[in-house]
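Just below is one structure, and these are the notes that go with it.
The values are calculated or read from the model by the stated rules, or taken from the named source; none is laboratory data. None of the values given here were measured: they were computed from a predicted structure. A quick note on method: Cβ atoms are made from the backbone with ideal geometry, for glycine too, and the neighbour counts reach across all protein chains shown.
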């Protein structure tokens with residue numbers, strides 16, 4: 001369908017919006033073959049940001065001409081053929097780096113423009129795409145990584161996610177949104193898709209209609225992290241599964257036509273929702289589709305995307321196995337081996353979690369013991385140590401132009417040292433991010449570590465961190481709170497260790513970190529941090 005860009009006469013549009021009026025972001029797909037043939041020097045500098053619509057960012061430093069590519073994996077579900085092709089691409093073009101993201105996608109690094117058309121062809125042959133993985137457009141749809149096999153889901157959402165994902169792929173009616181746009185669809189009752197931090201989320205619900213209990217969804221709008229985080233708010237709406245596509249289109253249309261386009265930092269859907277509120281948003285939505293009042297919420301808790309160990313599927317005699325991928329990074333041989341193991345003992349699938357981990361599904365009872373005996377599980381563990389098992393990290397300064405500090409390897413080293421020196425009776429989720437954009441989702445962590453630059457007493461700029469405590473998505477969510485003070489990156493391991501030792505000394509048996517903060521507040525941890533900073 002054609003649509004009218006009602007904002008086109010606004011004289012206050014930011015510069016990105018002005019070029020988007022002249023040329024759609026998806027047009028970059030038509031330009032890439034020329035650039036690939038003529039080399040990186042043929043790409044005008046003003047075109048660099050447009051590669052986002054093809055899922056491509058220039059790595060640090062941009063002038064060197066190496067790209068990061070993000071590949072969409074709806075609900076995180078990869079077939080055997082898809083996983084192998086991704087591994088081969090990482091091996092051949094990406095210097096053997098294979099990263100799982102916090103939105104169930106895959107990231108490559110070190111790609112050259114000359115290689116991109118071949119990568120596109122190879123992705124297409126196995127049903128994958130990087131279109132819309134970045135840019136002002138619908139991103140990868142996050143879902144339940146256990147969809148179709150989950151004893152704790154109301155119904156299988158895989159077909160629904162695919163239908164909606166396919167609708168928005170390369171759809172120029174919805175490729176000029178005010179900013180990035182993140183959607184989740186899950187019927188898992190433990191909030192496996194982190195509903196509250198997405199722009200639009202479909203969450204499991206039931207409702208009695210004409211005397212019959214129906215399964216479907218509630219609708220949450222306006223979540224998102226970054227420098228000004230918001231938790232999504234629930235609308236008074238119940239949706240049957242067959243209504244979800246039309247609702248997704250309607251919400252996206254509202255964002256496209258009424259979202260803010262003057263200031264980039266205020267353009268996410270969360271800002272429109274914050275201004276309108278749930279009642280006004282529902283009223284506007286009712287102009288596009290017929291709405292039913294909300295039913296009964298089916299969400300029972302939050303699992304934070306962790307599924308370690310062997311678990312029964314809803315299919316009798318089958319199991320899924322949850323694995324830890326330390327800070328989400330693998331090499332191609334590991335991916336190939338995991339896919340091969342999945343094929344040998346199951347159906348070949350690998351499933352990405354938003355905790356940057358993996359699931360191998362569909363393992364018959366009689367094959368579980370043999371699978372667990374495979375050598376690779378010494379590193380990609382089914383029962384990881386506590387801290388490495390619950391650590392998340394963004395890409396960091398190693399590749400990302402936005403990052404202020406190194407993160408990925410630093411988080412791994414810190415977690416391993418904590419596991420060596422400290423034991424707790426509960427897991428503590430630690431998320432590290434290299435900048436306020438928070439791809440590592442530090443706001444929902446028990447302990448969030450955000451990289452900054454800090455000036456020392458002798459006026460030198462060094463890498464440092466701010467510390468945040470007490471985040472969760474349990475019961476609608478709570479964003480973590482900042483402790484006062486900045487920690488030199490060199491001191492971070494010891495500081496985090498001392499804070500955790502303080503937690504261990506003063507907590508109650510079996511008390512989670514979030515419950516501890518809820519009971520005591522952050523003041524005791526603040527005093528502990530103050531003492532350490534005074535001694536530094």
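Table for the structure above
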quantity	calculated
Filter pass, residue 370 being part of a helix (DSSP H, G or I) and crowded, with 23+ Cβ neighbours inside 10 Å	no
Residue within the stretch 320-327 that is surrounded by 17 or more Cβ atoms within 10 Å (Cβ to Cβ) and assigned to a helix (DSSP H, G or I) present	yes
Number of the condition not met by residue 429 [criteria: (1) closer than 29 Å to residue 204 by Cβ; (2) surrounded by fewer than 22 Cβ atoms within 10 Å (Cβ to Cβ); (3) touching a strand residue (DSSP E or B) at 6+ places or on another chain (Cβ under 9 Å)]	(2)
Of all residues making up the stretch 182-221, the number that are surrounded by fewer than 24 Cβ atoms within 10 Å (Cβ to Cβ), outside any strand (DSSP E or B) and in contact (Cβ under 8 Å) with a residue 12 or more places away in the chain	3
Some residue of the stretch 277-296 being at pLDDT 95 or above, within 21 Å of the chain's Cα centre (by Cα) and either assigned to a loop (DSSP other than H, G, I, E, B) or surrounded by 20 or more Cβ atoms within 10 Å (Cβ to Cβ) (or both)	no
